[in-house]
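As structure tokens, the structure follows; a few thoughts come after it.
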Amino acid sequence: MKNKNIFPKYIVVTGGVISGVGKGIATASIGMILKNYGYTVTTIKIDPYINFDAGTLRPTEHGEVWVTDDGGEIDQDLGNYERFLNQHFSKKNNITTGQIYSKVIENERDGKFLGQTVQLIPHISDEIKRRIKEVGKNYEFVLIEIGGTIGDYENIPYLFAVKSLEREIGEERVTYVLITYLPTPRHIGEMKTKPTQQAIKLLSEHGIFPNFILCRAKEPLDSVRKKKIEIYANIDSEHVISAPDIDTLYRVPLNFEKDNLGKKILKEFFLKPKKKADWSFLEKSVKIIENPKNYLTVAMVGKYIDIGEFSLKDSYISVSQALEHAGVKNNCGVKIDWLSAQDIEKGIIGEKELKKYDGIIVPGGFGKEGVEGKLKVIRYSRENNVPFLGLCFGLQLAIVEFARNVCKLKNANSVEIDPQTEYPVINFIENQRKFIKESRYGGTMRLGVYAAHLFEESLVYRLYRELNRIEEDKKIIEELKKDKDNSFRLGYLEKDKPIIVERHRHRYEVNNDFVKLIQDNGLYFSGYHNINENERLMEFIEIKKHRFFVATQAHPEFRSTIFSPAPLFYGFIKASLKFKLDRLKNVI
Ligand code: GLN
């Protein structure tokens with residue numbers, strides 16, 4: 001007899017035909033739906049590559065690297081999960097082949113296999129199962145998205161592992177979702193189901209028969225094709241779900257719900273919704289995104305890499321998302337123009353072009369290319385009172401610009417750009433290198449969440465308070481205190497001060513030797529992290545007389561969701577909107 005009370009239940013999501021058709025968003029949407037029905041949900045992304053994590057992957061090839069609270073550097077799908085579920089995940093929610101093999105080899109070296117021959121099956125698949133179970137422990141639903149496409153060699157151990165998990169815990173606790181793509185070749189002009197049939201067949205070779213098929217395509221699926229798939233896969237027509245292209249990500253869960261996908265999935269597990277789902281907030285937000293009352297145009301200044309604009313956008317997905325969230329909260333749409341820092345450096349883009357923007361962002365980045373262009377644009381926004389938001393590298397360069405042009409420190413720089421600079425306003429902090437090493441982070445990057453104290457007279461503090469983050473982050477701080485592997489992230493906490501946490505991913509820091517001089521010249525440091533009682537790292541800056549000139553050493557975009565936008569993005573959009581309206585009214 002099926003026992004509906006045993007949790008967790010597992011939902012395995014695989015992809016057929018081609019990758020890049022929104023498997024991550026579909027998985028995240030299913031999670032959001034189940035959560036909205038009152039269940040607890042976690043998600044696992046399996047990346048079958050041999051890299052240990054995404055830290056060393058080229059962002060132009062794989063998109064942005066997502067950073068978790070505990071310092072994991074992961075594929076951007078984890079970002080979609082966090083955004084859609086409004087939940088924080090750990091680096092454990094990502095499994096790569098590299099991690100699985102290194103753990104098995106480590107166990108073998110430690111003599112844990114007692115002389116056995118260590119093999120793909122069962123040792124690798126057992127380790128995969130162990131990792132999946134460990135993540136799912138305290139949840140009712142575990143969504144497992146297997147990266148790549150059915151038929152990839154690298155997927156085989158994972159398919160074997162989930163099948164073996166199913167045998168172990170019972171088929172009533174596992175459901176399979178196949179996400180497929182139906183192409184419409186231009187010369188035929190008709191939607192083709194054959195690749196989907198092949199994907200179903202390939203999956204069946206692993207003993208897996210999908211319970212649901214989500215059909216991605218340009219257009220909605222018609223009844224003829226739906227019938228074909230239903231017959232071929234031997235499933236109920238209700239379980240073939242049409243998922244046509246849409247412009248707004250958050251439409252995906254809403255559309256799935258129109259098809260009652262949530263209730264259908266619950267029914268597969270002999271479950272009912274625990275509560276009535278409330279979609280009103282998401283519906284309202286989607287309406288704002290699709291039909292904003294106002295809209296503004298923001299310039300995002302990044303370095304162009306040969307592959308072109310497309311990849312640049314892909315490597316700043318969280319920043320674009322955070323702008324969208326902040327737009328919704330301000331009841332406006334945000335158009336992003338991607339400006340090449342190199343073009344600004346060369347003067348191809350000048351003040352005349354910059355004038356049309358309501359706000360300017362210099363996001364995170366690495367390396368020299370385009371740096372002088374970014375500095376020009378920062379100077380332009382500072383001197384012309386144009387809203388500016390600097391993220392990580394954006395903060396570092398805002399300091400460089402201010403040091404050079406206001407404090408008159410000629411050729412001041414970050415040592416990343418000019419190791420010989422006479423004024424290394426952004427430097428490598430020796431103590432921090434030691435600190436990170438002691439925390440077993442091996443590398444030299446500051447990764448994951450760190451606590452920051454905010455000065456109550458700062459704009460940054462007001463924004464964090466307005467968006468309830470001081471309260472929200474108290475819970476995270478309490479959790480961190482209990483977590484011995486991560487408590488170092490809090491550093492030394494001062495009593496009764498507003499403290500927030502944000503995620504980081506960088507190597508260099510503001511050089512404390514210059515802080516006083518810079519502050520005396522009018523760039524205010526609004527928040528800092530205490531490594532210990534005697535040493536601080538600067539986290540936020542702002543210019544008080546400016547309408548909005550704020551930058552942070554952190555990446556607040558990693559904590560932004562449509563439900564809880566990042567305070568600095570919210571403030572930036574609000575200021576940009578005001579700037580736009582003031583200009584329209586000719587107040588300035
Ligand atoms: N390149 C800078 C550093 O390593 C900034 C990194 C970033 O923007 N994420 O410190």
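Report, ordered by the first and then the second residue, all pairs with beta carbons closer than 6 Å, sequence separation of six or more or different chains, a first member in the range 280-297 that is at pLDDT 95 or above, and a second member that is surrounded by 15 or more Cβ atoms within 10 Å (Cβ to Cβ) and among the small types (Gly, Ala, Ser).
Going by the 6 Å Cβ cut-off, the qualifying pairs are LEU296/SER576.
For the range 1-24, name all the residues that are surrounded by fewer than 24 Cβ atoms within 10 Å (Cβ to Cβ) and under 21 Å from the mean Cα position of the chain (by Cα).
Of everything in the range 1-24, those that are surrounded by fewer than 24 Cβ atoms within 10 Å (Cβ to Cβ) and under 21 Å from the mean Cα position of the chain (by Cα) turn out to be SER19, GLY20, VAL21, GLY22.
Can you run down the residue pairs with Cβ atoms below 6 Å, 6 or more apart or on separate chains, where the first is in the range 357-371 and farther than 22 Å from GLU509 by Cβ and the partner is surrounded by fewer than 24 Cβ atoms within 10 Å (Cβ to Cβ) and not aliphatic (A, V, I, L, M)?
Qualifying pairs under 6 Å: TYR357/THR297; ASP358/THR297; ASP358/PHE579; ASP358/LYS580.
Go through (1) crowded, with 20+ Cβ neighbours inside 10 Å; (2) farther than 29 Å from GLN87 by Cα; (3) touching a residue at least 40 places away in the same chain (Cβ under 8 Å) for ASP152 and report which single condition fails.
(1)
From the set of residues in the range 375-394 that are in contact (Cβ under 8 Å) with a residue 60 or more places away in the chain and away from the ligand (no atom under 12 Å from the Cβ), which is surrounded by the most Cβ atoms within 10 Å (Cβ to Cβ)?
Applying the first criterion (in contact (Cβ under 8 Å) with a residue 60 or more places away in the chain) to the range 375-394 yields 377, 381-382, 385-394.
Checking the rest, the ones that are also away from the ligand (no atom under 12 Å from the Cβ) come to 377, 381-382, 385-389.
Values: VAL377: 28, SER381: 27, ARG382: 20, ASN385: 15, VAL386: 23, PRO387: 27, PHE388: 28, LEU389: 32.
Of everything passing the filter in the range 375-394, LEU389 is surrounded by the most Cβ atoms within 10 Å (Cβ to Cβ).
If ASP358 satisfies all but one of (1) within 20 Å of the chain's Cα centre (by Cα); (2) at pLDDT 95 or above, what's the number of the condition it fails?
(1)
Taking into account only those residues within the range 514-523 that are within 9 Å of CYS407 (Cα to Cα) and hydrophobic (A, V, I, L, M, F, W, C), which is surrounded by the most Cβ atoms within 10 Å (Cβ to Cβ)?
Filtering the range 514-523 for residues that are within 9 Å of CYS407 (Cα to Cα) and hydrophobic (A, V, I, L, M, F, W, C), the one surrounded by the most Cβ atoms within 10 Å (Cβ to Cβ) comes out as ILE518.
Is there a residue being more than 16 Å from the ligand (Cβ to nearest atom), outside any strand (DSSP E or B), free of Cβ contacts under 8 Å to residues at least 40 places away in the same chain and among the polar types (S, T, N, Q) anywhere in the range 519-529? Before the answer, list the steps.
Quick first cut of the range 519-529, residues more than 16 Å from the ligand (Cβ to nearest atom) only: 519-528.
Adding the requirement that they be outside any strand (DSSP E or B) leaves 519-523.
So of that shortlist, the ones also free of Cβ contacts under 8 Å to residues at least 40 places away in the same chain come out as 519-520.
Keeping just the survivors that are among the polar types (S, T, N, Q) gives 519.
The answer is yes, given that some residue of the range 519-529 is more than 16 Å from the ligand (Cβ to nearest atom), outside any strand (DSSP E or B), free of Cβ contacts under 8 Å to residues at least 40 places away in the same chain and among the polar types (S, T, N, Q).
Out of everything in the range 411-433 that is β-branched (Val, Ile, Thr) and surrounded by 22 or more Cβ atoms within 10 Å (Cβ to Cβ), what residue ends up being nearest to the ligand (Cβ to nearest atom)? First the steps, then the outcome.
At the first step, the residues of the range 411-433 found to be β-branched (Val, Ile, Thr) are 415, 417, 421, 425-426, 429.
The next check asks that each one be surrounded by 22 or more Cβ atoms within 10 Å (Cβ to Cβ); those that pass are 425-426.
Working: VAL425: 13, ILE426: 7 Å.
Among residues in the range 411-433 that are β-branched (Val, Ile, Thr) and surrounded by 22 or more Cβ atoms within 10 Å (Cβ to Cβ), the one nearest to the ligand (Cβ to nearest atom) is ILE426.
Quick one: would you say ILE121 is over 27 Å from HIS88 (Cα atoms), surrounded by 14 or more Cβ atoms within 10 Å (Cβ to Cβ) and either touching a residue at least 24 places away in the same chain (Cβ under 8 Å) or of a type outside the set (Phe, Trp, Tyr) (or both)? Break it down stepwise before answering.
Details: over 27 Å from HIS88 (Cα atoms): yes; surrounded by 14 or more Cβ atoms within 10 Å (Cβ to Cβ): no; either touching a residue at least 24 places away in the same chain (Cβ under 8 Å) or of a type outside the set (Phe, Trp, Tyr) (or both): yes.
No: the conditions fail for ILE121.
Could you check how many residues of the range 504-513 are within 16 Å of the ligand (Cβ to nearest atom) and either in a loop (DSSP other than H, G, I, E, B) or surrounded by fewer than 19 Cβ atoms within 10 Å (Cβ to Cβ) (or both)? Full working, then the answer.
In the first step, residues of the range 504-513 are kept if they are within 16 Å of the ligand (Cβ to nearest atom); the result is 504-512.
Adding the requirement that they be either in a loop (DSSP other than H, G, I, E, B) or surrounded by fewer than 19 Cβ atoms within 10 Å (Cβ to Cβ) (or both) leaves 507-508, 511-512.
Result for the range 504-513: 4.
Taking interchain pairs and intrachain pairs at least six residues apart, which have beta carbon atoms under 9 angstrom, with the first residue in the range 396-424 and in a strand (DSSP E or B) and the second among the small types (Gly, Ala, Ser) and away from the ligand (no atom under 13 Å from the Cβ)?
Once the first residue is in a strand (DSSP E or B) and sits in the range 396-424, its partners that are among the small types (Gly, Ala, Ser) and away from the ligand (no atom under 13 Å from the Cβ) give ASN413/ALA403; PRO424/ALA412.
Name every residue in the range 258-296 that is among the aliphatic types (A, V, I, L, M) and outside any helix (DSSP H, G or I), in order of residue number. I'd like the intermediate steps shown before the answer.
Looking only at the range 258-296, we keep the residues that are among the aliphatic types (A, V, I, L, M), and these are 261, 265-266, 271, 277, 282, 286, 288-289, 296.
Residues satisfying the conditions are LEU271, ALA277, LEU296.
Residues are listed down the side, and each one gets a yes or a no for (1) in contact (Cβ under 8 Å) with a residue 40 or more places away in the chain; (2) assigned to a helix (DSSP H, G or I); (3) surrounded by 20 or more Cβ atoms within 10 Å (Cβ to Cβ):
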| residue | (1), (2), (3) |
| --- | --- |
| ASP496 | no, no, no |
| GLU502 | yes, no, yes |
| PHE540 | yes, no, yes |
| PHE558 | yes, yes, yes |
| PRO565 | yes, no, yes |
| GLY571 | yes, yes, yes |
| SER576 | yes, yes, yes |
| ASP582 | no, yes, no |
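Just to be sure before I move on: is GLN87 assigned to a loop (DSSP other than H, G, I, E, B), modelled with pLDDT of 95 or more and out of contact with any helix residue (DSSP H, G or I) (no Cβ under 6 Å at 6 or more places or on another chain) in the structure I sent? Step through it out loud before you land on a result.
Working: assigned to a loop (DSSP other than H, G, I, E, B): yes; modelled with pLDDT of 95 or more: yes; out of contact with any helix residue (DSSP H, G or I) (no Cβ under 6 Å at 6 or more places or on another chain): yes.
Yes, satisfied.
What's the number of the condition THR180 fails, among (1) touching a residue at least 12 places away in the same chain (Cβ under 8 Å); (2) in a helix (DSSP H, G or I)?
Unmet for THR180, out of (1) touching a residue at least 12 places away in the same chain (Cβ under 8 Å); (2) in a helix (DSSP H, G or I): (2).
Every residue, every condition in (1) surrounded by fewer than 24 Cβ atoms within 10 Å (Cβ to Cβ); (2) at negative phi; (3) away from the ligand (no atom under 16 Å from the Cβ); (4) over 29 Å from the mean Cα position of the chain (by Cα), yes or no:
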site	(1), (2), (3), (4)
GLY327	no, yes, yes, no
ILE336	yes, yes, yes, no
GLY367	yes, no, no, no
GLU372	yes, yes, no, no
GLN396	no, yes, no, no
LEU409	yes, yes, yes, yes
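The values are calculated or read from the model by the stated rules, or taken from the named source; none is laboratory data. Here the structure is a predicted model, which is why all the values come from computation and not from measurement. FYI the Cβ positions are ideal-geometry reconstructions off the backbone, even for glycines, and counts take in every protein chain you see.
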